Amino acid sequence: MTPDIARLYLTAILFLFASNVIADATRLWVDLGQTNRGLGLSVPSGGDGVNGPALVDDVECRRMAASRVGYMYVKIDDGAWRQPAPRDIYATFEVFDERFALLRVQYDKADERPSLASKYTASPSTALMTGSRKWRRIHFALPAARLAGGQNGGADLRLSATGAAIRRVELSTAMPDGFVANQEGVDDAALAAIRVERPPGMEYTLGNDASPAEASLYRALSVTSVESYVDWAGVEPDREGQWDWSKWDEQVRVLRAAHLKWVPFLIAGPAYATPLWFQQGPGSACYRCLEHGQYSKVQSLFNPALRPQIDRFIAAFAARYRDSGIIESVLLGVTGIYGESIYPAGHDDGGWTGRLTGPYHNHMGWWAGDPLATASFREAMRRRYGDIAKLNDAWRTRHPSFDGVSTFLPDKAPSERARSDMAEWYQGVMTEWSAFWVGIARKHFPDTAIYLCTGGSGEPVLGADFTAQAKAIAPHGAGIRITNEGSDFARNFTLVREVATATRHYGTFAGFEPASSVNSGGIVARIYGATASGARQLHEYAPNVLNPEAMGAVRANIGHLVPRKPLIDVAMYASRESWAIAPKTTARFHEHAARLRDIVDFDIVTRLTTGDGALAGKRCLILVESPALEPRAAEAIESWVKEGGIVIASARKDEPIGSRLDDSAAWRKRLFSEATDNVPMEPHLVGEPPS
């Protein structure tokens, strides 16, 4: 045999041997660094999976992008492992434990029900990094993996983290050493490193839903409950009477195992929350905007066919879970595009809320253009005026009968009184709708805490009069969750303090929720704001908490989240009657309130709370941006002043307090000097000298 032929035989034998080793391998691996070396695995970089070489603790590795939540994709290059048939495997990552982080694996999982299969299924367990400054081997079980390159770039799985340093990845068909079988949560040692304690009493709720690992972590952070979006479409998707509670049965199991409570957010009406069988049936009736004459995909609160369905939905949910002992409170999502007690607003096409229906007509506006809304408005005006001549006199119109009365865009109103009537009716029917929901919920949950979900910043165009809602639902013992906070304390204060004032005054309770993301400073501001306002519940979205910067703020400050009864002897008047006819006064009021909060703490009162005695015990009332002043509120203010109360008032030039709708000239003369009435102060922001 010649040397060349011998080399050929040797090469063939080595090739066959190597092929058999790979084909029979129970383990694939790759060491990461400047040059990745391994067997059958690779880690690409690009898109949402950017990573680069790094040296950490004198060890070559790859570091994931730190500027955003990203992924490290893992791709199987071994053809013998590539197969669409389900296969149970284990993934191991050697990670440097630098700081708090949650590590998750998402993989392409096969499912006997193709509609439930997902290329980005979360692994049963989640790993918790605590900042031990050590290299750790983290194992994940990936049952029924479909190894067919179904993820981005042909990858088979991905690690979810931010800025993590990883030096090795392994896949195995055999259970690796150190793996804890059937472990769903986070190991006790990791939890002990972050556990915090706080006094009982305040409800601390995280949304939305929780895996076993997340539930264990939340419990360690003194969270009391987890919120879930339990929408009608999700539990009765195909036909009336065919309920599917499997998803929520599993969530209840997870929460019970972690000793957490549940806050189900019961939602019906929005496009994503109403079953298609109802939307496509004869009982469907959606909002129609006055501006464009186009319909939304959100069910109208004027639709009488919706009311018995809401009763049926809440009754079925209560029959399933009311006596489970797992519910901390029930949150009600009554309308809007997400569930708040406001009219449609937000994304022009509905955003993710069009997941059932597709995009739909949506914007902030006056959603009272459908026949049912017109009929409601007409009947409300008939009750208010009784005689068409009285309406025409007030409105400066010439309607021959109430049959000619219809809804209109407020800026097209024939008079300020007509504009006020339209805005007040628009808010009033939302208040009645909210009270209907709360009444139904109380019937089916006689002993459970109930929150009405509301939102926005009080503009009449959104329909939510926070104080009116609080008063209307108080007889049912229900509170309000308001969903409009962010990271700025002063801005948050102006948005939530009216709810806090009204619920305290009417003997109920309040909860605060952010509108979206909140930074670490906002975490602290919201904890302070909730306890300083006397709230009973603080809601936070899990991603706002579960990041390294925010986690430090949570652990350092969560002990201050305790229920308190604030002692406040100053009030500021929010002239909602002015907001109905002069929308710019709404934003200007919030500007004044934000600046004033730097000087003094105060409650925010309105015509309702003022008329219902909210000034008792107050020594000072601040009155700004109030060109309209409801007579009942003016009378209550005057009586309070006679008892020793002090009013600090500021009016805009040529527009004295209470000069529009119901002229309060005589009232002003009794409370203020003639000079104040005849020469109003120049407009200025509280905290700045007048010009």
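The values are calculated or read from the model by the stated rules, or taken from the named source; none is laboratory data. Keep in mind it's a predicted model, so treat the numbers as computed, not measured. Counting neighbours? That spans all protein chains shown, and the Cβs are built from the backbone with ideal geometry, glycine included. Ligands, DNA and RNA are stripped out before the accessible areas are found, and what is left, the full protein with its side chains, is counted by its heavy atoms. Shrake-Rupley method; radii C 1.70, N 1.55, O 1.52, S 1.80 Å.
Summed over the stretch 642-670, residues that are under 18 Å from Ser575 (Cα atoms), open to solvent by less than 80 Å² (accessible area, probe 1.4 Å) and either modelled with pLDDT under 90 or not basic (Lys, Arg) (or both) total 15. Checked across the stretch 98-107, the condition of being modelled with pLDDT of 80 or more, more than 27 Å from Ala85 (Cβ to Cβ) and of a type in the set (Asp, Glu) holds for at least one residue. The residues in the stretch 40-63 that are among the hydrophobic types (A, V, I, L, M, F, W, C), over 15 Å from Leu159 (Cβ atoms) and open to solvent by 50 Å² or more (accessible area, probe 1.4 Å) can be counted, and the count is 1.
Residue check: is Ala616 of a type outside the set (Asp, Glu), open to solvent by 50 Å² or more (accessible area, probe 1.4 Å), closer than 21 Å to Thr503 by Cα and modelled with pLDDT of 95 or more?
It is true that Ala616 is of a type outside the set (Asp, Glu), open to solvent by 50 Å² or more (accessible area, probe 1.4 Å), closer than 21 Å to Thr503 by Cα and modelled with pLDDT of 95 or more.
Per this entry, Ile138 is counted among residues that are at pLDDT below 95 and either in a loop (DSSP other than H, G, I, E, B) or open to solvent by less than 50 Å² (accessible area, probe 1.4 Å) (or both). Residue-level check: of (1) within 27 Å of Leu608 (Cα to Cα); (2) in a loop (DSSP other than H, G, I, E, B); (3) open to solvent by less than 30 Å² (accessible area, probe 1.4 Å), Ile440 misses just (2). Among the residues of the stretch 358-381, are any over 18 Å from Tyr295 (Cβ atoms) and in a loop (DSSP other than H, G, I, E, B)? The answer is no; no qualifying residue exists. Checked against (1) open to solvent by 50 Å² or more (accessible area, probe 1.4 Å); (2) outside any helix (DSSP H, G or I), Glu424 meets all criteria but (2).
Within the stretch 252-293, the set of residues being within 30 Å of Met202 (Cβ to Cβ) and either free of Cβ contacts under 8 Å to residues at least 12 places away in the same chain or among the acidic types (Asp, Glu) (or both) comprises just one member, Arg253. For the stretch 519-549, filtered to residues that are hydrophobic (A, V, I, L, M, F, W, C) and at pLDDT 95 or above, the residue that is most open to solvent (accessible area, probe 1.4 Å) is Val524. Taken as a whole, the structure places Ala66 among residues that are open to solvent by 30 Å² or more (accessible area, probe 1.4 Å), out of contact with any strand residue (DSSP E or B) (no Cβ under 8 Å at 6 or more places or on another chain) and among the hydrophobic types (A, V, I, L, M, F, W, C). Residues of the stretch 52-85 that are touching a Gly at 6+ places or on another chain (Cβ under 9 Å), part of a strand (DSSP E or B) and farther than 22 Å from Thr121 by Cβ: Pro53, Ala54, Leu55, Val59, Glu60, Cys61, Arg62, Arg63.
I'd like to check something: does the stretch 314-326 contain any residue that is under 21 Å from the mean Cα position of the chain (by Cα) and open to solvent by 40 Å² or more (accessible area, probe 1.4 Å)? Checking the stretch 314-326: not a single residue is under 21 Å from the mean Cα position of the chain (by Cα) and open to solvent by 40 Å² or more (accessible area, probe 1.4 Å).
For the stretch 558-566, does any single residue satisfy the condition of being crowded, with 17+ Cβ neighbours inside 10 Å, under 26 Å from Ala478 (Cβ atoms) and not β-branched (Val, Ile, Thr)? Yes, there is a match, as at least one residue in the stretch 558-566 is crowded, with 17+ Cβ neighbours inside 10 Å, under 26 Å from Ala478 (Cβ atoms) and not β-branched (Val, Ile, Thr).
Quick one: which of Gly351, Gly339, Gly358 is among the small types (Gly, Ala, Ser), farther than 30 Å from Phe402 by Cα and in contact with a strand residue (DSSP E or B) (Cβ under 6 Å, 6 or more places away or on another chain)?
Result: Gly339 is the single residue among Gly351, Gly339, Gly358 that is among the small types (Gly, Ala, Ser), farther than 30 Å from Phe402 by Cα and in contact with a strand residue (DSSP E or B) (Cβ under 6 Å, 6 or more places away or on another chain).
Is there a residue in the stretch 217-225 that is open to solvent by 30 Å² or more (accessible area, probe 1.4 Å), touching a residue at least 12 places away in the same chain (Cβ under 8 Å), under 28 Å from Gln299 (Cβ atoms) and not hydrophobic (A, V, I, L, M, F, W, C)? No, the stretch 217-225 contains no residue that is open to solvent by 30 Å² or more (accessible area, probe 1.4 Å), touching a residue at least 12 places away in the same chain (Cβ under 8 Å), under 28 Å from Gln299 (Cβ atoms) and not hydrophobic (A, V, I, L, M, F, W, C).
On the given criteria, is Thr483 touching a strand residue (DSSP E or B) at 6+ places or on another chain (Cβ under 7 Å), crowded, with 20+ Cβ neighbours inside 10 Å, assigned to a loop (DSSP other than H, G, I, E, B) and not hydrophobic (A, V, I, L, M, F, W, C)? So that I can check it myself, show each step before the final result.
On the way: touching a strand residue (DSSP E or B) at 6+ places or on another chain (Cβ under 7 Å): yes; crowded, with 20+ Cβ neighbours inside 10 Å: yes; assigned to a loop (DSSP other than H, G, I, E, B): no; not hydrophobic (A, V, I, L, M, F, W, C): yes.
So Thr483 fails the test.
Filter the stretch 418-456 for residues that are touching a strand residue (DSSP E or B) at 6+ places or on another chain (Cβ under 6 Å) and among the polar types (S, T, N, Q) and give the result. Once the filter is applied, which keeps residues that are touching a strand residue (DSSP E or B) at 6+ places or on another chain (Cβ under 6 Å) and among the polar types (S, T, N, Q), the stretch 418-456 yields Ser434, Thr448, Thr454.
Checking every residue in the stretch 505-518 against the condition of being buried (at least 21 other Cβ atoms within 10 Å of the Cβ) and either under 26 Å from Ala193 (Cβ atoms) or basic (Lys, Arg) (or both) gives at least one match.
Considered as a group, the residues in the stretch 273-293 that are within 18 Å of Arg312 (Cα to Cα) and hydroxyl-bearing (Ser, Thr, Tyr) include one that is surrounded by the most Cβ atoms within 10 Å (Cβ to Cβ), and that residue is Thr274. In this structure, Ala633 does satisfy being open to solvent by less than 10 Å² (accessible area, probe 1.4 Å) and of a type in the set (Gly, Ala, Ser).
Condition check ((1) open to solvent by 10 Å² or more (accessible area, probe 1.4 Å); (2) closer than 30 Å to Asp188 by Cα; (3) not polar (S, T, N, Q)) across all residues:
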| residue | (1), (2), (3) |
| --- | --- |
| Pro237 | yes, no, yes |
| Ser246 | yes, yes, no |
| Lys261 | yes, yes, yes |
| Ala271 | no, no, yes |
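Out of the residues in the stretch 79-97 meeting the condition of being open to solvent by 10 Å² or more (accessible area, probe 1.4 Å) and among the acidic types (Asp, Glu), tell me which one is nearest to Ala141 (Cα to Cα). Result: Asp88.
Checking each residue in the stretch 141-174 for being in a strand (DSSP E or B), closer than 11 Å to Lys109 by Cα and of a type in the set (Gly, Ala, Ser) picks out Ala144, Ala145.
For the stretch 166-209, residues that are open to solvent by 50 Å² or more (accessible area, probe 1.4 Å), among the acidic types (Asp, Glu) and at pLDDT 90 or above total 1. In the stretch 389-405, of all residues being open to solvent by 30 Å² or more (accessible area, probe 1.4 Å) and in a helix (DSSP H, G or I), the one that is farthest from Met422 (Cα to Cα) corresponds to Ala389. Identification of helices (runs of 4 or more DSSP H) wholly contained in the stretch 188-250 with 1 or more residues that are touching a Phe, Trp or Tyr at 6+ places or on another chain (Cβ under 8 Å) yields 188-194, 232-235.
Scanning the stretch 351-384 for residues that are open to solvent by 80 Å² or more (accessible area, probe 1.4 Å) and under 22 Å from Val429 (Cβ atoms) yields Met364, Pro371, Arg382, Arg383, Arg384.
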